Amino acid sequence: MSDNAKQTETKRADIYERVTAAIIAQLEKGTRPWMQPWDAGQSPVRPLRHNGVAYRGINTVLLWMTAAERGYQSPYWMTYSQAKELGAQVKKGEKSSLVVYAGAIEKQEDEAEGEDKTRRIPFMKGYSVFCADQIEGLPDNFCGARDTGNATEIMERIERADRFFSNLPADIREGGNKAFYSPSGDFIQMPPFDAFVSAAAHATTLAHEAIHWTKAKSRLDRDFGRKSWGDEGYAREELVAELGSVFIAADLGLSVEPRDDHAAYIKSWLTVLQNDKRAIFQAASFAEKAATYLHGLQPDAAAEGQTA
């Protein structure tokens, strides 16, 4: 391995370790970092780039976590130079936040037979951004929290959520007192709507099960090798569904409250993350793919598009 390749691998490993260590620290406190930046009953908002395009995957988690830790309100984030291009200035002494970019480069190599072979080399790099709260001179639309306008929704059906889930070609059944996805029967089971404490709780629970629904072989074919309830494969899939449901909630403007049963998952998630520093990156990527898949089943998906 060349010196440049070794340096790239070291930098990538450092990013994995930094991010994973930060998330482990939150989980060890009993806090799920992807659910901190809003009070109970409020809806999460996707972190946004300076141009209004939403961050995705692990960057969503990273910036939500940073916003909670430092008390930021604005959903907008940008680099130092992007702030300058907008005629603004990062306040003196402000600390930047890490976001990551993953990609790959293709390299032509000569084979022994004299033929060229293209090798794909993955890379990950980190770069620094600042929240709009840390910047002076920005236009007013960058400042303050974005109003989702749904904090008072209690038990009235949420039309946008009902419409979203009704557009899925999923077998969604109602009855009983447990919510789950059945891989063998390929159906989602949901308790009656009135059994939930709020319409948002019903919608986000259905989002969680819909993320599980995407794992079927005929859809995204996601398999972590689960053999039994509570094993590593089970924990990894639950982490994907957990993140995916919060991503969907942010996209639909749904308020989020932790489900009681998810507290039991924290210990298993900690075990997974402590043993694999790339696990949270993988989970966030799979969760984003699942959320994007569900959005892609909407009639207006072609017109609106989804940004990776």
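The values are calculated or read from the model by the stated rules, or taken from the named source; none is laboratory data. This structure is a prediction, so every number in the text was calculated from the model and none was measured. Here the Cβ is made from the backbone with ideal geometry for all residues, glycine too, and neighbour counts use every protein chain on show.
Quick rundown of the values:
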| read-out | value |
| --- | --- |
| Any hit, the range 262-274, residues being more than 18 Å from the chain's Cα centre (by Cα), among the small types (Gly, Ala, Ser) and on the phi > 0 side of the Ramachandran plot | no |
| Ser128, sole failed condition from (1) modelled with pLDDT of 90 or more; (2) more than 26 Å from Leu98 (Cα to Cα) | (2) |
| Cross-chain or 6+ apart pairs with Cβ under 7 Å, the range 268-296 first and farther than 28 Å from Ser166 by Cβ, then at pLDDT below 95 and not in a helix (DSSP H, G or I) | Ser268/Gly230 |
| Arg49, sole failed condition from (1) modelled with pLDDT of 90 or more; (2) of a type in the set (D, E, K, R); (3) out of contact with any strand residue (DSSP E or B) (no Cβ under 9 Å at 6 or more places or on another chain) | (3) |
| Single unsatisfied condition, Trp213 versus (1) of a type in the set (Phe, Trp, Tyr); (2) loosely packed, with under 14 Cβ neighbours inside 10 Å; (3) in contact with a Leu (Cβ under 8 Å, 6 or more places away or on another chain) | (2) |
| Residue check, Glu69 more than 16 Å from the chain's Cα centre (by Cα), modelled with pLDDT of 90 or more, not hydroxyl-bearing (Ser, Thr, Tyr) and not in a strand (DSSP E or B) | no |
| Matching residues, the range 168-187, being surrounded by 15 or more Cβ atoms within 10 Å (Cβ to Cβ) and either charged (D, E, K, R) or under 17 Å from Ala249 (Cβ atoms) (or both) | Leu168, Ala179 |
| Yes/no for Ala201 being closer than 27 Å to Met65 by Cβ, at pLDDT below 95 and outside any loop (DSSP other than H, G, I, E, B) | yes |
| Which listed residue is at pLDDT below 95 and touching a strand residue (DSSP E or B) at 6+ places or on another chain (Cβ under 7 Å), from Pro258, Pro192 | Pro192 |
